[in-house]
Amino acid sequence: MTAQLQPVSGPAVWSGGQYTTDREWVYHFSAGAIADIDQAINRVRQKQLQLDDITAEDFALPALTDDLENMSEILGSGRGFVMLKGLPIEKYSDEEFEIILWGIGTHIGAGVSQSHLGDRIGQVKDIDGVGRYYTAGGPIEVHMDPVDVVGLLCLRHAKQGGESWIMSPALVRNILLEENPAHLALLYEGFHYGSTSGESGGFQTAHRLPVLVDQADGPVCFYLPKAILGWSGRDSEYLSGQQLEALDHFNEIAQRPAVGLKMDLQPGDIQFLNNRRVLHARTDYEDHADPKLARHLLRLWLMMPQWPALPESMHFLEQTDRAGGGIPKGGSQIAAD
């Protein structure tokens, strides 16, 4: 396979330095868009709709139509990340922000459950005794969520740190190909995934899932290192020294300052990432002593039925919520997201 691998190009191959000063990935809520959001919240309230019942028609956003169409195109066939800025944080309650995030999501994709509890909106904050990435404090390693698109809405910022750090796996792939083609070949061969965490007993894959697969429009990536290591520590097949070196090399490249882009989400900001083409991590942070001021973001998972199907070799859940993704209520718990 190594002899067949060649450098890739296209909009999904980017470095953080390209977008440090170029802010074309940032969109701003206009006064008209805020007015549309107010009206949409009122409609949801009047109809007494639950999140699952809210449609794009219920949450009509005419002032954002062009931007949302452009963002959807960029997420699917462009660089794979966008940010919306300017929601007035003092104007809405936390519950209303959940409605806003879900409502905007209806214009992009299909919202799905994020755990065996059936939660549609994830609470990204430090919760003692909960073993998921997003409910624990501290840094988060390079990974991607097992869903097409992830959205994060910042409610409260940490006292210091906690930046979102994103990078292009296609660029990481190109660098790895140049520095050690054998390591890249091992990533294409893939790894078993699994975990012993979760109330439902965790999960385990019978087949190897490749970290990278080449498609007609470029490589797609699936990378949950915590679940790779979770499987190897559970069963008899352990990672070889070369496999560990390949994973370490991939991680090291992804974390090089010149590769990634750091986003410091402020209250009222919303970030959307294509999980097939964008890796993400989180820097360590110091939180506020007052729990009312503690770092808190809302997370949305979206499936994109209009996108090309994810390669079969990258499927690792036997059951899904809907639209081909998400964790069904009562189903397998993923401890690696």
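The values are calculated or read from the model by the stated rules, or taken from the named source; none is laboratory data. What you see is a predicted model; the values in this text were computed from it and never measured. Note that each Cβ is placed from the backbone with ideal geometry, even for glycine, and that neighbours are counted across all protein chains shown.
Of all residues in the stretch 276-301, exactly one satisfies the criterion of being modelled with pLDDT of 95 or more and of a type in the set (V, I, T), namely V278. Considering the conditions (1) farther than 27 Å from G326 by Cβ; (2) without any contact (Cβ under 8 Å) to a residue 60 or more places away in the chain; (3) surrounded by 12 or more Cβ atoms within 10 Å (Cβ to Cβ), G86 is excluded by exactly one of them, (2).
The residues in the stretch 1-33 that are part of a loop (DSSP other than H, G, I, E, B) and surrounded by 13 or more Cβ atoms within 10 Å (Cβ to Cβ) can be counted, and the count is 11. Residues being of a type in the set (S, T, Y), assigned to a loop (DSSP other than H, G, I, E, B) and modelled with pLDDT under 95 are entirely absent from the stretch 50-70. Checking I104, I89 one by one, the residue that is in contact with a Cys (Cβ under 9 Å, 6 or more places away or on another chain) and either of a type in the set (V, I, T) or closer than 14 Å to G268 by Cα (or both) is I89 and no other. Taking the criterion of being assigned to a helix (DSSP H, G or I) and of a type in the set (A, V, I, L, M), the residues of the stretch 83-100 that qualify are I99, I100.
Can you tell which of I74, I41 is in a helix (DSSP H, G or I) and closer than 20 Å to L297 by Cα?
I41
Considering only the stretch 178-199, I want to know if a residue exists there that is touching a helix residue (DSSP H, G or I) at 6+ places or on another chain (Cβ under 6 Å), modelled with pLDDT under 95 and over 17 Å from Q243 (Cα atoms). Within the stretch 178-199, one or more residues are touching a helix residue (DSSP H, G or I) at 6+ places or on another chain (Cβ under 6 Å), modelled with pLDDT under 95 and over 17 Å from Q243 (Cα atoms).
For the stretch 128-148, the criterion of a residue being surrounded by fewer than 22 Cβ atoms within 10 Å (Cβ to Cβ), of a type in the set (V, I, T) and at pLDDT 90 or above is satisfied by at least one position.
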